[in-house]
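Structure first, commentary second.
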Amino acid sequence: VFDLLACRLSLNYVMTESPCLFWLPVDHRRGGDAPHQKPCLIVGDNDARTVRTASEAQPVSFHLAAEADIPALLEGVDGVLWTGSPFNMHPSHFREGVTDTRVLLDANQHTLTLELVRACVNQHVPVLGLCGGFQEFNVALAATLHQQVHCVPGRTDPREHAIEATGQPDAPGHALHLLKQSVLTACAGANSIWVNYLHTRGSHELASGLRTLAVAPDGLVEAFELADAPAFTPGVQKRPQWQCGETPFYRSIFRRFGGACRARQRAHLASLES
(Lines give C-alpha, C1' and ligand atoms only; values in the text may rest on other atoms or scores of the structure.)
Protein backbone atom coordinates (compact mmCIF):
# COMPACT_ATOMS: atom_id res chain seq x y z
CA VAL A 1 0.00 0.00 0.00
CA PHE A 2 2.71 2.45 0.97
CA ASP A 3 4.72 1.60 -2.18
CA LEU A 4 1.65 2.39 -4.28
CA LEU A 5 1.13 5.74 -2.58
CA ALA A 6 4.82 6.62 -2.86
CA CYS A 7 4.78 5.71 -6.56
CA ARG A 8 1.79 7.96 -7.21
CA LEU A 9 3.39 10.87 -5.40
CA SER A 10 6.65 10.41 -7.33
CA LEU A 11 4.81 10.28 -10.64
CA ASN A 12 3.03 13.49 -9.78
CA TYR A 13 6.34 15.35 -9.87
CA VAL A 14 7.11 14.26 -13.43
CA MET A 15 3.63 14.20 -14.96
CA THR A 16 0.78 16.70 -15.17
CA GLU A 17 -1.39 14.04 -13.56
CA SER A 18 -0.41 10.65 -12.16
CA PRO A 19 -2.38 7.64 -13.49
CA CYS A 20 -5.98 7.62 -12.31
CA LEU A 21 -6.67 4.27 -10.65
CA PHE A 22 -9.85 2.41 -9.83
CA TRP A 23 -10.10 -0.81 -7.83
CA LEU A 24 -11.58 -3.71 -9.80
CA PRO A 25 -12.08 -6.59 -7.32
CA VAL A 26 -11.02 -10.07 -8.41
CA ASP A 27 -13.31 -12.99 -9.07
CA HIS A 28 -12.85 -16.40 -7.42
CA ARG A 29 -12.84 -19.21 -10.01
CA ARG A 30 -11.44 -22.69 -10.55
CA GLY A 31 -9.18 -23.03 -13.58
CA GLY A 32 -8.18 -26.07 -15.61
CA ASP A 33 -9.85 -29.39 -16.27
CA ALA A 34 -10.97 -31.84 -13.60
CA PRO A 35 -9.40 -33.47 -11.65
CA HIS A 36 -6.58 -30.97 -11.90
CA GLN A 37 -8.50 -27.77 -11.28
CA LYS A 38 -6.90 -25.06 -9.18
CA PRO A 39 -8.41 -22.01 -7.48
CA CYS A 40 -7.77 -18.79 -9.41
CA LEU A 41 -8.18 -15.07 -8.72
CA ILE A 42 -8.98 -13.23 -11.94
CA VAL A 43 -10.59 -10.17 -13.51
CA GLY A 44 -12.67 -10.27 -16.68
CA ASP A 45 -10.66 -9.14 -19.71
CA ASN A 46 -13.61 -7.36 -21.34
CA ASP A 47 -14.58 -5.69 -18.06
CA ALA A 48 -11.10 -4.31 -17.49
CA ARG A 49 -10.43 -3.25 -21.08
CA THR A 50 -13.80 -1.65 -21.70
CA VAL A 51 -13.82 0.39 -18.52
CA ARG A 52 -10.15 1.31 -18.97
CA THR A 53 -10.85 2.74 -22.43
CA ALA A 54 -14.18 4.42 -21.75
CA SER A 55 -13.29 5.91 -18.36
CA GLU A 56 -9.66 6.74 -19.17
CA ALA A 57 -8.69 5.26 -15.80
CA GLN A 58 -6.46 2.30 -15.01
CA PRO A 59 -7.94 -0.77 -13.26
CA VAL A 60 -5.94 -2.25 -10.39
CA SER A 61 -6.66 -5.33 -8.29
CA PHE A 62 -5.47 -6.39 -4.86
CA HIS A 63 -5.68 -10.14 -5.15
CA LEU A 64 -4.99 -10.99 -1.52
CA ALA A 65 -6.70 -8.04 0.13
CA ALA A 66 -8.39 -8.69 3.47
CA GLU A 67 -11.14 -6.67 5.11
CA ALA A 68 -8.60 -5.06 7.46
CA ASP A 69 -6.65 -3.77 4.43
CA ILE A 70 -9.55 -1.86 2.88
CA PRO A 71 -9.09 1.59 4.52
CA ALA A 72 -5.41 1.79 3.56
CA LEU A 73 -5.95 0.42 0.04
CA LEU A 74 -8.71 2.94 -0.64
CA GLU A 75 -6.17 5.69 0.00
CA GLY A 76 -4.25 4.46 -3.03
CA VAL A 77 -7.12 4.46 -5.54
CA ASP A 78 -9.53 7.04 -6.92
CA GLY A 79 -12.65 4.90 -7.30
CA VAL A 80 -14.07 1.37 -7.09
CA LEU A 81 -16.06 -0.62 -9.64
CA TRP A 82 -17.87 -3.94 -9.11
CA THR A 83 -18.89 -6.11 -12.05
CA GLY A 84 -20.36 -9.10 -10.25
CA SER A 85 -19.50 -12.76 -10.88
CA PRO A 86 -20.93 -15.99 -12.32
CA PHE A 87 -21.10 -17.04 -8.66
CA ASN A 88 -24.17 -15.52 -7.06
CA MET A 89 -24.01 -13.98 -3.64
CA HIS A 90 -24.86 -16.51 -0.96
CA PRO A 91 -28.36 -15.62 0.36
CA SER A 92 -27.10 -15.77 3.93
CA HIS A 93 -25.71 -12.29 3.23
CA PHE A 94 -29.29 -11.04 3.02
CA ARG A 95 -30.68 -13.26 5.75
CA GLU A 96 -32.28 -15.98 3.57
CA GLY A 97 -31.79 -19.64 2.84
CA VAL A 98 -30.98 -21.11 -0.57
CA THR A 99 -34.10 -21.47 -2.75
CA ASP A 100 -32.43 -23.03 -5.81
CA THR A 101 -29.55 -25.46 -5.24
CA ARG A 102 -28.63 -25.38 -8.95
CA VAL A 103 -27.43 -21.77 -8.71
CA LEU A 104 -23.66 -21.25 -8.46
CA LEU A 105 -22.90 -19.90 -5.00
CA ASP A 106 -19.76 -18.96 -3.10
CA ALA A 107 -20.20 -18.16 0.58
CA ASN A 108 -16.84 -16.37 0.76
CA GLN A 109 -16.75 -14.63 -2.62
CA HIS A 110 -18.63 -11.52 -1.57
CA THR A 111 -17.49 -10.98 2.01
CA LEU A 112 -14.72 -8.58 0.98
CA THR A 113 -16.77 -6.68 -1.60
CA LEU A 114 -19.68 -6.12 0.77
CA GLU A 115 -17.33 -4.58 3.31
CA LEU A 116 -15.67 -2.60 0.52
CA VAL A 117 -19.03 -1.08 -0.44
CA ARG A 118 -19.62 0.10 3.11
CA ALA A 119 -16.11 1.58 3.34
CA CYS A 120 -16.58 3.48 0.05
CA VAL A 121 -19.87 4.92 1.28
CA ASN A 122 -18.26 6.07 4.53
CA GLN A 123 -15.24 7.59 2.76
CA HIS A 124 -17.19 9.17 -0.15
CA VAL A 125 -15.25 7.22 -2.79
CA PRO A 126 -16.66 7.29 -6.37
CA VAL A 127 -18.19 3.90 -7.14
CA LEU A 128 -20.04 2.10 -9.92
CA GLY A 129 -21.86 -1.21 -9.46
CA LEU A 130 -22.69 -3.26 -12.58
CA CYS A 131 -25.12 -6.19 -12.70
CA GLY A 132 -24.03 -8.39 -9.76
CA GLY A 133 -22.15 -5.39 -8.42
CA PHE A 134 -25.47 -3.53 -8.35
CA GLN A 135 -26.84 -6.32 -6.16
CA GLU A 136 -23.79 -6.29 -3.87
CA PHE A 137 -24.15 -2.53 -3.43
CA ASN A 138 -27.76 -2.91 -2.30
CA VAL A 139 -27.17 -5.89 0.01
CA ALA A 140 -24.12 -4.26 1.62
CA LEU A 141 -26.44 -1.56 2.92
CA ALA A 142 -28.84 -4.13 4.45
CA ALA A 143 -31.39 -4.66 1.66
CA THR A 144 -32.69 -7.96 0.22
CA LEU A 145 -32.88 -9.59 -3.21
CA HIS A 146 -35.32 -11.73 -5.14
CA GLN A 147 -33.34 -14.93 -5.60
CA GLN A 148 -35.48 -15.95 -8.59
CA VAL A 149 -36.97 -12.93 -10.34
CA HIS A 150 -38.80 -15.15 -12.83
CA CYS A 151 -40.83 -16.66 -9.96
CA VAL A 152 -42.13 -13.28 -8.80
CA PRO A 153 -45.64 -12.61 -10.15
CA GLY A 154 -45.63 -9.84 -12.75
CA ARG A 155 -41.85 -9.85 -13.32
CA THR A 156 -40.19 -10.53 -16.67
CA ASP A 157 -37.98 -13.61 -17.00
CA PRO A 158 -34.46 -12.16 -17.37
CA ARG A 159 -32.58 -15.46 -17.42
CA GLU A 160 -30.21 -16.42 -20.21
CA HIS A 161 -32.36 -19.15 -21.75
CA ALA A 162 -35.23 -16.67 -22.12
CA ILE A 163 -33.02 -14.27 -24.10
CA GLU A 164 -30.56 -16.46 -25.97
CA ALA A 165 -33.07 -17.26 -28.73
CA THR A 166 -32.28 -13.84 -30.19
CA GLY A 167 -28.66 -14.92 -30.68
CA GLN A 168 -27.56 -11.65 -29.07
CA PRO A 169 -27.84 -11.82 -25.25
CA ASP A 170 -25.89 -8.56 -25.04
CA ALA A 171 -28.31 -6.71 -27.32
CA PRO A 172 -30.93 -4.29 -25.94
CA GLY A 173 -33.69 -6.29 -24.29
CA HIS A 174 -36.10 -3.76 -22.81
CA ALA A 175 -36.70 -0.06 -22.36
CA LEU A 176 -35.51 1.45 -19.09
CA HIS A 177 -37.50 4.35 -17.64
CA LEU A 178 -35.11 6.89 -16.13
CA LEU A 179 -35.82 9.25 -13.25
CA LYS A 180 -36.00 12.83 -14.45
CA GLN A 181 -33.01 15.08 -13.79
CA SER A 182 -30.70 12.30 -12.64
CA VAL A 183 -27.15 11.36 -13.58
CA LEU A 184 -28.52 8.63 -15.86
CA THR A 185 -30.84 10.97 -17.77
CA ALA A 186 -27.82 13.21 -18.28
CA CYS A 187 -25.92 10.20 -19.68
CA ALA A 188 -28.82 9.11 -21.90
CA GLY A 189 -30.11 12.53 -22.94
CA ALA A 190 -33.61 11.11 -22.52
CA ASN A 191 -36.05 9.75 -19.96
CA SER A 192 -36.22 6.28 -21.53
CA ILE A 193 -33.59 4.14 -23.24
CA TRP A 194 -33.21 0.54 -24.39
CA VAL A 195 -30.68 -1.55 -22.45
CA ASN A 196 -29.44 -5.13 -22.15
CA TYR A 197 -30.51 -7.32 -19.28
CA LEU A 198 -29.43 -10.80 -18.23
CA HIS A 199 -29.74 -11.89 -14.61
CA THR A 200 -31.52 -14.31 -12.30
CA ARG A 201 -31.80 -12.02 -9.30
CA GLY A 202 -33.16 -8.54 -8.69
CA SER A 203 -33.80 -6.05 -5.94
CA HIS A 204 -36.61 -6.99 -3.60
CA GLU A 205 -36.24 -3.72 -1.73
CA LEU A 206 -33.81 -0.83 -1.70
CA ALA A 207 -31.56 -0.13 1.23
CA SER A 208 -32.13 2.95 3.32
CA GLY A 209 -30.29 5.90 1.81
CA LEU A 210 -30.57 4.71 -1.80
CA ARG A 211 -32.62 6.56 -4.40
CA THR A 212 -34.18 4.91 -7.44
CA LEU A 213 -32.77 6.11 -10.77
CA ALA A 214 -34.48 3.73 -13.22
CA VAL A 215 -37.11 1.00 -13.41
CA ALA A 216 -37.81 -1.75 -15.94
CA PRO A 217 -41.20 -2.05 -17.68
CA ASP A 218 -42.28 -4.63 -15.08
CA GLY A 219 -41.50 -2.19 -12.23
CA LEU A 220 -38.24 -3.79 -11.08
CA VAL A 221 -35.72 -1.21 -9.87
CA GLU A 222 -32.67 -1.49 -12.14
CA ALA A 223 -30.63 1.55 -11.15
CA PHE A 224 -30.07 3.58 -8.00
CA GLU A 225 -27.58 5.88 -6.31
CA LEU A 226 -26.80 7.07 -2.82
CA ALA A 227 -29.14 9.93 -2.05
CA ASP A 228 -27.31 13.24 -1.50
CA ALA A 229 -23.88 11.60 -1.90
CA PRO A 230 -21.02 14.01 -2.71
CA ALA A 231 -19.44 11.44 -5.06
CA PHE A 232 -20.55 9.49 -8.15
CA THR A 233 -22.40 6.43 -6.78
CA PRO A 234 -24.73 4.69 -9.29
CA GLY A 235 -25.52 1.02 -9.34
CA VAL A 236 -27.10 -0.43 -12.51
CA GLN A 237 -28.54 -3.89 -13.07
CA LYS A 238 -27.48 -3.90 -16.75
CA ARG A 239 -23.99 -4.53 -18.14
CA PRO A 240 -22.80 -1.36 -19.88
CA GLN A 241 -19.42 -2.98 -20.54
CA TRP A 242 -21.26 -4.98 -23.23
CA GLN A 243 -21.50 -3.15 -26.58
CA CYS A 244 -20.03 -0.07 -24.98
CA GLY A 245 -18.34 0.96 -28.21
CA GLU A 246 -21.67 1.10 -30.06
CA THR A 247 -23.75 2.62 -27.25
CA PRO A 248 -23.25 6.30 -26.30
CA PHE A 249 -25.32 5.85 -23.12
CA TYR A 250 -22.96 3.17 -21.81
CA ARG A 251 -19.85 5.14 -22.74
CA SER A 252 -21.21 8.21 -20.96
CA ILE A 253 -21.68 6.25 -17.73
CA PHE A 254 -18.03 5.21 -17.76
CA ARG A 255 -16.83 8.70 -18.74
CA ARG A 256 -18.64 10.17 -15.76
CA PHE A 257 -17.19 7.50 -13.49
CA GLY A 258 -13.72 8.32 -14.80
CA GLY A 259 -14.33 12.04 -14.31
CA ALA A 260 -15.37 11.46 -10.71
CA CYS A 261 -12.23 9.38 -10.11
CA ARG A 262 -10.03 12.15 -11.52
CA ALA A 263 -11.73 14.74 -9.34
CA ARG A 264 -10.99 12.61 -6.24
CA GLN A 265 -7.42 12.13 -7.45
CA ARG A 266 -6.82 15.87 -7.82
CA ALA A 267 -8.31 16.60 -4.40
CA HIS A 268 -6.26 13.83 -2.80
CA LEU A 269 -2.96 14.89 -4.35
CA ALA A 270 -3.61 18.54 -3.48
CA SER A 271 -4.17 17.58 0.17
CA LEU A 272 -0.92 15.58 0.25
CA GLU A 273 1.06 18.50 -1.18
CA SER A 274 -0.40 21.14 1.14
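Here is how the numbers come out for the structure above:
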item	result
S192-E273 FRET efficiency (beta carbon distance; Förster radius 51 Å; 0.05 resolution)	0.70
Area accessible to solvent at S274, 1.4 Å probe radius, in Å²	120 Å²
Rounded to the nearest 10 Å², the accessible area of E205 at probe 1.4 Å	80 Å²
Listed residues T99, T247, T233 arranged by accessible area, highest first, probe 1.4 Å	T99, T247, T233
By accessible area with a 1.4 Å probe, ligands and nucleic acids excluded, highest first: order of D27, D218, D69, D228	D228, D69, D218, D27
Accessible-area value, R211, 1.4 Å probe, nucleic acids and ligands omitted, Å²	100 Å²
Amide H within-cut-off set for R239, under 5 Å, with H built and near neighbours excluded	N196
Accessible area of segment 172-274 belonging to carbon and sulfur atoms, whole % at 1.4 Å probe	52 percent
Between segment 18-71 and segment 222-263, the Cα center-to-center distance that results, in Å	19 Å
Cα gyration tensor, segment 210-261 - rounded (a/c under 1.5), prolate or oblate	oblate
Karplus (6.51, -1.76, 1.60) ³J(HN,Hα), θ = phi - 60°, over segment 131-140, in Hz, Gly and Pro reported as x	6, x, x, 4, 5, 4, 4, 5, 5, 4
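The values are calculated or read from the model by the stated rules, or taken from the named source; none is laboratory data. Because the structure is a prediction, the values reported are computed rather than measured. Note that we place each Cβ from the backbone using ideal geometry, even for glycine, and neighbour counts take in every protein chain shown. Heads up: the accessible areas ignore ligands, DNA and RNA and are worked out on the full protein's heavy atoms, side chains in. Shrake-Rupley method; radii C 1.70, N 1.55, O 1.52, S 1.80 Å.
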